[in-house]
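See below for the structure under consideration.
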Amino acid sequence: MYPYCNMSEFPHSTVVTVPFGEPRLARIASESLQVDRELSGDKVVRTISVDDANLVVSFTANSLRVLRVSINGFMDSLILVTRTLEAFA
């Protein structure tokens, strides 16, 4: 799943799937969100991909706390992106 992660060091993971109305919007969201790197890159790995009209985000982290913080930060950015898409797309 994460070829460059040692799963014993990053034992906690989750996948978040966000449906968009069309593949174009999912791609725009993906490209907008990929530019922001994880602040704790040594503690969490995030991968973003698009599957048809779905944005698929995988997180793996070394602790549940880091996983939660990473997901919360990502959700804040996702809300901003989706509101911008609603206003302009």
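The values are calculated or read from the model by the stated rules, or taken from the named source; none is laboratory data. Since the structure is predicted, the reported quantities are computational estimates derived from the model, not experimental observations. Glycine gets a Cβ as well: all are built from the backbone with ideal geometry, and neighbour counts include every protein chain shown. The accessibility values were calculated without ligands, DNA or RNA, using every heavy atom of the protein model including side chains. Shrake-Rupley method; radii C 1.70, N 1.55, O 1.52, S 1.80 Å.
Which residues, taken from the stretch 51-89, are part of a strand (DSSP E or B) and either open to solvent by less than 60 Å² (accessible area, probe 1.4 Å) or in contact with a Pro (Cβ under 7 Å, 6 or more places away or on another chain) (or both)?
Step one: of the stretch 51-89, the residues part of a strand (DSSP E or B) are 51, 54-61.
Of everything in the stretch 51-89, those that are part of a strand (DSSP E or B) and either open to solvent by less than 60 Å² (accessible area, probe 1.4 Å) or in contact with a Pro (Cβ under 7 Å, 6 or more places away or on another chain) (or both) turn out to be Asn54, Leu55, Val56, Val57, Ser58, Phe59, Thr60, Ala61.
Residues satisfying the criterion are absent from the stretch 21-37 (criterion: surrounded by 17 or more Cβ atoms within 10 Å (Cβ to Cβ), charged (D, E, K, R) and touching a strand residue (DSSP E or B) at 6+ places or on another chain (Cβ under 6 Å)). When restricted to residues that are assigned to a strand (DSSP E or B) and closer than 26 Å to Glu86 by Cβ, the stretch 6-48 contains 9.
To keep it simple, each residue is scored yes or no on (1) under 24 Å from Phe10 (Cβ atoms); (2) modelled with pLDDT of 95 or more.
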position	(1), (2)
Leu33	yes, yes
Arg37	yes, no
Asp42	yes, no
Ser58	yes, yes
Arg68	yes, yes
Ala87	no, no
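Within the stretch 46-83, the set of residues being farther than 14 Å from Arg24 by Cα and polar (S, T, N, Q) comprises Thr47, Ser58, Thr60, Asn62, Ser63, Ser70, Asn72, Ser77.
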